[in-house]
1. With every protein chain left in place, what is the accessible area per residue of the stretch 368-433 in square angstrom, probe 1.4 Å?
2. Quick one: if the Förster radius is 35 Å, what FRET efficiency do LYS348 and ASP492 give, using the C-beta to C-beta distance and rounding to 0.05?
3. Mind ranking SER483, SER625, SER646 by accessible surface for me, highest first, 1.4 Å probe?
4. How high is the relative contact order of the stretch 352-480, in percent, counting Cα pairs under 8 Å that sit 6 or more residues apart?
5. Under 5 Å between amide H atoms, partner at least 5 residues away or on a different chain: which partners does TRP418 have, H built in plane at 1.01 Å?
6. Once you sort the root eigenvalues of the Cα gyration tensor of the stretch 404-524 as a ≥ b ≥ c, which label holds: rounded (a/c under 1.5), prolate (a/b larger than b/c) or oblate (the other case)?
7. Spelling out what I want: for every residue of the stretch 484-497, take phi, set θ = phi - 60°, compute 6.51 cos²θ - 1.76 cosθ + 1.60 (Karplus), and round to whole Hz; glycine and proline get x.
8. How much length would be gained if the chain were fully extended between ALA4 and ASN108, taking 0.36 nm per residue of separation minus their Cα-Cα distance, in nm to one decimal?
Amino acid sequence: QQRAQPGYNPNLVHVLHGLDADLIMLALATHEAHFYILREEVLFGRRSVEATEQRREESGFAFKQKLMDEAAGGTAMELSENANKPLQRLSVPVLREYLANEFSSVMNPPFRGEVSFERLVDDVVFMCFFVGNDFLPHLPSLDIRDGALDYLFNVYKRLLPGLGGYLTDHGGKVNLERVDVILAEVGAIEDYVFEMKHKNEENDKKRREMQKQNRTRGNKMPAGGIANAPQQEFQKMGRAGRMLAADNKDTKLQRGHAAKEELRQKLKEKTKPASDNANVAEALKRELLGAGAKRKASEIASEDTSTASNGDEAMTVDDETETSKASESELTDEEKKAAAKGLKEKIKAVEQAKLNDYAKNVKDNVRLHEAGWKDRYYTDKCKADDVQDNGGREHLFRSYVKGLCWVMKYYYEGCPSWKWYFPFHYAPFASDLRNIERFQKDCETFDDSEPFKPIEQLLSVLPEDSSHAVPKEARWLMADEESPIIDFYPKDVPCDPNGKAMPWLWVVLLPFIDEERLLAALHPTMEKWTTKELLCNSRGLDDGYVFLHKDHAMTKEISFVVKSKDDYVKNKFSLSDKDISKISCFFGLVRKPLSHELLEFDENSMVPLPKSASKISRSSDLFSSAVEPNEAICFAFTEPAMASHSSEILSGVVFPPSILTDEDRRIRRPRLNRGGDTIANMGGHNKSHQSGYGSMNISSYERDLAMKTGRGKQMYQAGTRAWGTMEPTPKRHMPTMNRWQPPPSMPPPPPAQQWPGAQNQQTLASFGGHHNNPAQQQQQYSYQQQQQGRPQQQYAYQQQQQGRPQQ
């Protein structure tokens, strides 16, 4: 809406804050040259932390940060604004550079129509939908951790020149006939992917079991003469140090990151009996909990601390037992740190015990890695009920394809329909999505509708425990057994492990909300709502509000709108009238707020805190005091008229300077699946015809050619199957074959010596690059027969039997 307005600044810089990965796709879809996303830094595991610290050191970031901290003083980091997680700036211009480098080989495809990098970016955004987004589950065979994006990009680069155009068009339109070709390639490798995933899961399970054994058994060799030393301390020693430690010799051979004498002291502290750490942990926990009577340290010491794996019971504290606070105050800082660490490890042990229990009890009934997986999938109770109750397989396929088009439209032109949703908990297989162009008409029409009002939306997404957020008269709908929509709020929500051991990977089978039933049950209760509750259920008259400080440059230009009596209540003022869009950087209409939209305060008034503020726990005093007068003025704002989004860079853009080096442009595949097998290197040109390099996804031309030349059986034996078949062909070992054999119906040519000048014919044919002349064919036969030890005379006999002369 904004960039389609005349006078829009094409070099406007946009900054968006949020962790959602979809924001990256949305930023690419804007085709703006200056777009940045602020994201909280999220690190997973020790290696991720170490890699981040190393990058900071190498880039000079750590040194610059140190200088800034020293300049700000010692109390700078104690400020509340510095206590939050550090932010990262994701530069979309740099991401666009990487995409241009990735797809440089297809930057100018042989299309008759428009050829543009921006259109290619739209295709990239669309392909990312296959690995999942906020509205659709990912295809079962495509997972980012398995290299799905790399595979899709490889397939796209290989097939794009022959597609005749891009997958998508301006305004978020999708060409399903071309998308069908991409899905055919994905469907062709499903059996291979499921076997690979099972192999990786088994290897990962063995790895976790080995780690568990290493953690529990201690060290076979004492470190520094101390028995049962922690594994991490034992690994800190060098090879020579471990050899000396095996002889119980006093060793000082340690690595540079640990002080020589301090290591021995650390080992002594860390190898105390487990009960000591547990006792200190319990004492620290009581100290952190604050007021109330506590248990005596002597009572804690007398208990068995090995019950960490017995669930939450190990965490209980008896508040009825008294103890003196003097013993707690005697804890040193080192003891408190050790106690905190012990408590953290105990909680981690409890959680790990739960996860191990989940993993043992999960049963994989579908077994995607075994033959017959599709029949088992669609007959599994959870999947069968989900498909049957929501319209059947054909409706599943249609809904998923329509969902792809809905999301693309949503990205580029706004929500095409507020009624649409994907009515299934599971995505179909790519091999089921064949000939999807038959759904093209369904994807071009969406029902006109309006979004839910606020209270209606809350009833659609909140559980019964959050019923306090809706009007009193409507709360019984979420809790009473007589409620006509009580099935929308189940007490227990079923979950389908779907073969996954970790609970966060399970499919939560929440019921879908029937809009008509919800509104029919809610509307009768509105008669008893208060005026305030009715107001809370309204959407407002405009698109939003704009707040400006009195010192803002734009305030001076449009303050007359607020100061006027009734001139700009019904008649809205356009921000483009006085050419103030150069100041505001956006377009639209503003008006004076109505009397019920404002809360009047004088210059000395303060906005008090709501009553619920006292119930909010905070780590700082942020938002804990009344709002002081901020001298701001308010306007009601309306967006400009909707215009079709064009996938192009606007004229007048000044691109940021390129920062990628040659090393950055060298394409490297990421380390995925903890180093396990992936499909990241499949789907492209390189060795795609060979097993292990993409033989699963040969082109339709190669597949048809193999069938015509009698190699169809070999193709299936190599593990490749037609993408539309219901079941994968089981893998079989290929029989030992000659390098080349004639078809049974074609007799072999006569021996080489019967052809005068055969040597010359072969020499000439070698420059032609083919084997169509008889001389070269007969010599090839002669060579093969000699290698196999078969006499040449057999050829003459065969020729005589067939009545053909030798000359």
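The values are calculated or read from the model by the stated rules, or taken from the named source; none is laboratory data. Keep in mind that what you see is a predicted model, and the values were worked out from it rather than measured. Methodologically, a virtual Cβ is constructed for each residue, glycine included, from the backbone with ideal geometry; neighbour enumeration extends over all protein chains shown. Just the protein is used for accessible areas: all its heavy atoms, side chains included, with ligands, DNA and RNA removed. Shrake-Rupley method; radii C 1.70, N 1.55, O 1.52, S 1.80 Å.
1. The answer is 39 Å² per residue.
2. 0.80
3. SER625, SER646, SER483
4. 18 percent
5. So TRP418 has HN proximity to SER449.
6. It comes out oblate by the Cα gyration axes.
7. Once θ is set to phi - 60°, the couplings for the stretch 484-497 become x, 10, 4, 5, 6, 10, x, 5, 10, 9, x, 10, 9, x Hz.
8. Details: separation 104, 0.36 × 104 = 37.44 nm, distance 2.70 nm.
Stretched fully, the ALA4-ASN108 segment lengthens by 34.7 nm.
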